[in-house]
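The values are calculated or read from the model by the stated rules, or taken from the named source; none is laboratory data. On a predicted model such as this, the values are computed, not experimentally measured, just so you know. Every residue, glycine as well, gets a Cβ built from its backbone with ideal geometry; the counts of neighbours run over all protein chains shown.
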Amino acid sequence: MFNKLFGYLSHNIGIDLGTANTLVYVEGKGIVINEPSVVAVNKKTGKILAIGKEAKKMVGKTPGHIVATRPLVDGVISDFEVTEQMLKYFIDKVHQQSFSIFPRPRVVVGVPSGVTEVEKKAVIDATISAGAREAYLIEEPMAAAIGVRLPVQDAAGNMIVDIGGGTTEVAVISLGGIVASRSLRIAGDELSENVIQFARDEFNLLLGEKTAEEIKIAIGSAYPLEEKLEMPMRGRDLVTGLPKEVTVTDEHVRRALSRSVKILVDNIKATIEETPPELVADIMSKGIVLVGGGGMLKGLDKLVSEQTKMPVKVADDPLTAVARGAGIVLEDIDKLKEVLVSMKDEKSPI
């Protein structure tokens, strides 16, 4: 009874619990939080100093006893307690504007499609411990497809590629279920790591994670560009130990990213090969939809289209697709409950 009462005083929320960013969708309001999935912890006291944007500012700039970490690795919880604190912070932040003293929302959380039963349980437990009265899981490619308004419950093939920070999800969806899918650990973070490795190998230059990400976003590409782009790459010279700056072009960065991009494209092709021919025919007419931050890599749509011989488009506002999908499910949970992840030993509250 109390749960029901707290439910009336709470905002139901959808969460895209990403490796790089966490987005929170509030029923009736849309996306209200979009913050980095970073937590700064004081190792001496075990106290959490900052979460989200404030913690991201500290990455690479903290003294030895303060660590700014990501509690999720490859889309999966690596530090349960810190993830729970982060979720609690976001749930409380949503309810700060309301009069709810003790929020008990119903929460839908997006998870990678390849997660194990143990990993699913970890997400549900962390969400319940953070203050949710009910926690449901939805696979990220399914949430993304719903978020970009693909007709996932129709008897027709829909193909979505969600390239996030820690994982890339490739899925073919029909009749409210995933027909063929791949979940791989090559995504935005790996592409940034490629830039760091390239700078080390080519220029004896040690780059920071943040600098590599900025270069990837500004001039990174998967396909030759019409206009040449360049920018300075600043870091520490591995030979002298002194600061060093070199100018890199889009061609340099494309070369750095090429191996990972090839693996992504090969997995998209492999997923198409596993798809029944009737659904492939549907995808040929509708096209493949790219979402997630990695989907915005310049020329990736052209390269995938060239390699798969299918039309490819980047979704509008690709960064928020999973959170929007989780929110849409939340607002009509009875109609869309078949798209939620069920756990083998779970007594579902639906």
Fill in the blank from the handout: Sole miss for Gly131 among (1) more than 19 Å from the chain's Cα centre (by Cα); (2) of a type outside the set (Ser, Thr, Tyr); (3) closer than 20 Å to Asn21 by Cα is condition (3)
Practice task
Check Thr62, Thr116 and return the single one that is of a type in the set (S, T, N, Q), modelled with pLDDT under 85 and not assigned by TED's automatic domain parsing to the domain that holds Gly325.
Solution key: Thr62
Practice task
Answer yes or no as to whether Asp266 is in the same structural domain as Gly164 (by TED's automatic domain parsing), among the acidic types (Asp, Glu) and either surrounded by 15 or more Cβ atoms within 10 Å (Cβ to Cβ) or within 19 Å of Gly164 (Cβ to Cβ) (or both).
Solution key: yes
Practice task
Answer yes or no: is there a residue in the range 142-154 that is out of contact with any Cys (no Cβ under 6 Å at 6 or more places or on another chain) and under 21 Å from Asp189 (Cβ atoms).
Solution key: yes
Handout entry: Qualifying position, being at pLDDT 90 or above and crowded, with 21+ Cβ neighbours inside 10 Å, among Asp301, Asp282
Key = Asp301
Handout entry: Residue ranges of strands (runs of 3 or more DSSP E) in the range 8-107 with at least 3 members farther than 17 Å from Val123 by Cβ, touching a residue at least 12 places away in the same chain (Cβ under 8 Å) and of a type in the set (Lys, Arg)
Key = none
Fill in the blank from the handout: Of the conditions (1) over 18 Å from Pro277 (Cα atoms); (2) surrounded by 19 or more Cβ atoms within 10 Å (Cβ to Cβ), the single one that Val170 does not satisfy is (1)
Problem - Those residues of the range 232-261 which are over 27 Å from the mean Cα position of the chain (by Cα) and closer than 13 Å to Lys216 by Cα, in sequence order - result: Pro232, Val248, Thr249
Exercise for the section: Inspect the range 119-126 for any residue being touching a helix residue (DSSP H, G or I) at 6+ places or on another chain (Cβ under 6 Å), basic (Lys, Arg) and either in a loop (DSSP other than H, G, I, E, B) or at pLDDT 85 or above (or both) and give the result as yes or no. Expected result: no
Problem - Total residues in the range 304-343, condition crowded, with 18+ Cβ neighbours inside 10 Å and assigned to a loop (DSSP other than H, G, I, E, B) - result: 2
Fill in the blank from the handout: How many residues of the range 130-152 are part of a strand (DSSP E or B), under 16 Å from Glu331 (Cβ atoms) and of a type outside the set (Asp, Glu)? The answer is 2
Handout entry: Enumeration of residues in the range 173-210 that are out of contact with any Ser or Thr (no Cβ under 7 Å at 6 or more places or on another chain), over 30 Å from Val152 (Cβ atoms) and surrounded by 20 or more Cβ atoms within 10 Å (Cβ to Cβ)
Key = Ser192, Val195, Ile196, Phe198, Ala199, Leu205, Leu207
